[in-house]
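A short write-up of the structure that comes next.
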Amino acid sequence: MAKVTFFRERCKNCGLCISVCPKKIILADRESLNAKGYHPAHVLQMEKCIGCGFCATICPDCVITVEK
Amino acid sequence: MGEKLLMKGNEVIAEAALRAGCRHYFGYPITPQTEIAHYMARRMPQVGGVFMQAESEVAAINMVYGAAAAGKRVMTSSSSPGISLKQEGISYAVGARLPAVVVNIMRAGPGLGGIQPAQGDYFQAVKGGGHGDYKLITLAPSSVQELYEMTVEAFNLADKYRGVVMILGDGMLGQMMEVVQFRDEEPISEPAKPWAATGTGMKREHNTITSIHLDPSVLEHWNDERQNQYRVIEEMEQRFELYNTDGADVILVAYGSVARIARNVIKAAEREGIRLGLLRPITLWPFPTHAFEHVMPQAKAFLVLEMSAGQMLEDVRLTVEGRRPVFFHGRMGGMIPTVKDIMREVHEIIGTREE
Amino acid sequence: MAVVAQRPHALRDIPLHYCPGCTHGISHRLVAEVLDELGIEGETIGISPVGCSYNNYDYFNCDMVQAAHGRAPAVATGVKRSLPDSVVFTYQGDGDLAAIGTAEIVHAAARGENITVVFINNTIYGMTSGQMAPTTLISQVTTTSPYGRNAKDHGNPIRICEMLATLQGPAYIERVSLHDIKHIRQAKKALTKAFRLQREKRGFTLVEMLSTCPTNWGLDPVESMNRVKNEVIPYYPLGVFVDCEKEG
């Protein structure tokens, strides 16, 4: 099992994490905005996460913490 | 008493810096001050210091910025064109509150100008020189002995006020040789520098050395602090010499090499029964307003002598404020004012008064 | 579960001001990760440039010194010569290093100054909104080459790594890219080696990181990464140009 945590308020919805996730489980949270006015990235199907860390590697803002 | 040596002005500046605890010097060759770099190149390795010839004066002043940021006593020297190149770096160092000593051994300008002595960089030195509201404590030695004493003092002032201090000499002072009486012990007062970028050692918050503040209210507050500090400096750090000014028919106002010529003028005038005095600014900034207030009651007239078109002249006029007539005699291009020419001015000044 | 990826200690826990998807954030994190992994944050002094990352003195937890535009290598020289046992790095953009600062970088390299230069090449001036830089590619449109850069009027883009590799001073020069996971990991390896060689007092080390500028390129962050792969790398080939450990 693996888990990713998003620091919602730091996300700028740049889409890079979404573009590299091998499991395609990251998406922008269309339901809400963070204080900067971005739809922050998040994961709904956490069970599919393999903890590869690709998202955290490419995130320019240290939004993502990965546990495995 | 320390050693007593016959030495060249430029070399005395370098030796004085070493005695003041300076162990970092970054320079670039330019006549008429390159002996400072030669001396440092020989001596710094002997005292475990760093001498570096940079690729340009611009690089040199930025190396000074780095060493000062690391909390070291550091100096650079150049001559007029090179000092123009360093203005941006000096403004940055002031903006980052970095102590450093910058020596300008002036030569004739503008442009490549000439290599003979001149004083045409006065405005650049005392009115800030680079961008922004700032002033540099500017010391004007008039002898090789003063080159020694003022260089040591410059380091103390730089640390005392955490700013850049300029020594404003000229080619004559730099190239001449005179006897220097060194002290055994130097009056070094180097404070601790907890603000310096030396590495946190993981024991403290990080230090940041910077001159940029995008928030205008923060930058204005920073500038207010500087201006308050400048008021203190203008009150506390004025240095000048008054010679023979009581009852003088005309008070000569001259600094640096020209003050030496003024003394010869005073002697020549005495032979003609004319009493002249000398008001010699030693700090060009803070400008010695106290000296003028002191002599004003019995002063009759001032004759400003410069190797320029008249720059300190403006500060004299600002200080005298029309209370007495202010006259001027100057030479440019590297030409040296002569006693004969100055005496002709004196006669005109005195002559006009007796008609 | 153990944490496998998180913010490095050497990167302060504050928001970065960079545009969404700008790879500055990645290169900052890589530098901080290397400082953590080599355990050198406490002995490191970083030099900030003038450009988008002018205020990265706020972002790193080590002591930082902000330098005038292009002068970071000279400031770094002043710091390193004052503190020979410290670790000193400059972080510079292509306008800072390859335009106004070419004299400083060439002479720091020629001196073999024992510093590490993190050179961010995004082929444009970012902070001042998209002007042509010495690294701008031929035919690239910028605010000061609105009809596309052409060699006749604007000269040719400068390959800094290749230029510096002709000097005797450098110990290690590599050009890397940040456009995908594999290359980001390679960039970190290069950076680790550069800092290691500095600590071993081997001399001048520089890592050029091909980076993006979505805002001024007029592309979204993902498209920008593709531009690096498809257009920038062909002109700025990746690889090691100097390696003192290879020459034996």
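The values are calculated or read from the model by the stated rules, or taken from the named source; none is laboratory data. No experiment lies behind these values; they were computed from the predicted model shown. Positions of Cβ are generated from backbone atoms using ideal geometry, with glycine treated the same way; all protein chains shown enter the neighbour counts.
What are the residues in segment C:2-23 that are aliphatic (A, V, I, L, M) and modelled with pLDDT of 95 or more, if any?
Listed by number, the residues that qualify are C:Ala10, C:Leu11, C:Ile14, C:Leu16.
Read through the list (1) modelled with pLDDT under 95; (2) on the phi < 0 side of the Ramachandran plot, then give the number of the only condition that C:Asn216 fails.
Tallying (1) modelled with pLDDT under 95; (2) on the phi < 0 side of the Ramachandran plot, C:Asn216 fails exactly one: (1).
Here are B:Gly95, B:Gly128: which of them is at pLDDT below 95 and either closer than 23 Å to C:His69 by Cβ or not hydrophobic (A, V, I, L, M, F, W, C) (or both)?
Being at pLDDT below 95 and either closer than 23 Å to C:His69 by Cβ or not hydrophobic (A, V, I, L, M, F, W, C) (or both) holds for just one of B:Gly95, B:Gly128, which is B:Gly128.
How many residues are in contact with a Gly (Cβ under 7 Å, 6 or more places away or on another chain) and under 12 Å from B:Val346 (Cα atoms) if we restrict to segment B:267-303?
Residues flagged as in contact with a Gly (Cβ under 7 Å, 6 or more places away or on another chain) and under 12 Å from B:Val346 (Cα atoms) within segment B:267-303 amount to 1.
Would a scan of segment B:214-222 turn up a residue that is acidic (Asp, Glu), away from chain C (no Cβ under 14 Å) and touching a strand residue (DSSP E or B) at 6+ places or on another chain (Cβ under 7 Å)?
no
Filtering segment B:92-108 down to residues that are surrounded by fewer than 24 Cβ atoms within 10 Å (Cβ to Cβ) and more than 10 Å from every other protein chain (Cβ to nearest Cβ), which residue is nearest to B:Ala125 (Cα to Cα)?
If we take residues in segment B:92-108 being surrounded by fewer than 24 Cβ atoms within 10 Å (Cβ to Cβ) and more than 10 Å from every other protein chain (Cβ to nearest Cβ), then B:Val94 is nearest to B:Ala125 (Cα to Cα).
Modelled with pLDDT under 95, surrounded by fewer than 21 Cβ atoms within 10 Å (Cβ to Cβ) and farther than 19 Å from B:Tyr243 by Cα, is that true of B:Arg323?
no
Can you name the helices (runs of 4 or more DSSP H) wholly within segment C:131-223 that have at least 1 residues being crowded, with 17+ Cβ neighbours inside 10 Å and touching a residue at least 24 places away in the same chain (Cβ under 8 Å)?
C:160-165, C:181-199, C:214-217
Inside segment B:75-91, can you point out the residues that are surrounded by fewer than 24 Cβ atoms within 10 Å (Cβ to Cβ) and within 17 Å of B:Lys127 (Cβ to Cβ)?
B:Ser84, B:Gln87, B:Glu88, B:Ser91
Out of the residues in segment A:16-68 meeting the condition of being under 20 Å from C:Glu33 (Cα atoms) and more than 8 Å from chain C (Cβ to nearest Cβ), tell me which one is surrounded by the fewest Cβ atoms within 10 Å (Cβ to Cβ).
Once the filter is applied, the top-ranked residue is A:Cys52.
Which number in (1) over 17 Å from C:Asp180 (Cα atoms); (2) within 12 Å of the chain's Cα centre (by Cα) marks the one condition that A:Glu47 misses?
Unmet condition: (2).
Mind checking whether some residue in segment B:289-301 is acidic (Asp, Glu), surrounded by fewer than 16 Cβ atoms within 10 Å (Cβ to Cβ) and without any contact (Cβ under 8 Å) to a residue 24 or more places away in the chain?
There is at least one residue in segment B:289-301 that is acidic (Asp, Glu), surrounded by fewer than 16 Cβ atoms within 10 Å (Cβ to Cβ) and without any contact (Cβ under 8 Å) to a residue 24 or more places away in the chain.
Could you name every one of the helices (runs of 4 or more DSSP H) located completely within segment B:1-81 that has at least 1 residues being away from chain C (no Cβ under 13 Å), among the basic types (Lys, Arg) and touching an Asp or Glu at 6+ places or on another chain (Cβ under 6 Å)?
Where helices (runs of 4 or more DSSP H) fall fully within segment B:1-81 and carry at least 1 residues being away from chain C (no Cβ under 13 Å), among the basic types (Lys, Arg) and touching an Asp or Glu at 6+ places or on another chain (Cβ under 6 Å), they are B:9-19.
Please give the number of the condition B:Ala196 fails out of (1) surrounded by fewer than 16 Cβ atoms within 10 Å (Cβ to Cβ); (2) within 14 Å of chain C (Cβ to nearest Cβ); (3) touching a Gly at 6+ places or on another chain (Cβ under 9 Å).
Answer for B:Ala196: the failing condition is (1).
Being of a type outside the set (D, E, K, R), at pLDDT 95 or above and not assigned by TED's automatic domain parsing to the domain that holds B:Val258 is the requirement here; does B:Ile188 meet it?
Here the answer is no, as B:Ile188 does not meet what is asked.
Here's the yes/no breakdown for (1) within 30 Å of B:Ala93 (Cβ to Cβ); (2) surrounded by 15 or more Cβ atoms within 10 Å (Cβ to Cβ); (3) assigned by TED's automatic domain parsing to the domain that holds B:Met312:
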position: B:Val232; (1), (2), (3): yes, no, no
position: B:Val250; (1), (2), (3): no, yes, yes
position: B:Gly256; (1), (2), (3): yes, yes, yes
position: B:Glu270; (1), (2), (3): no, no, yes
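Does B:Leu157 satisfy the condition of being part of a helix (DSSP H, G or I) and under 26 Å from B:Gly334 (Cβ atoms)?
no
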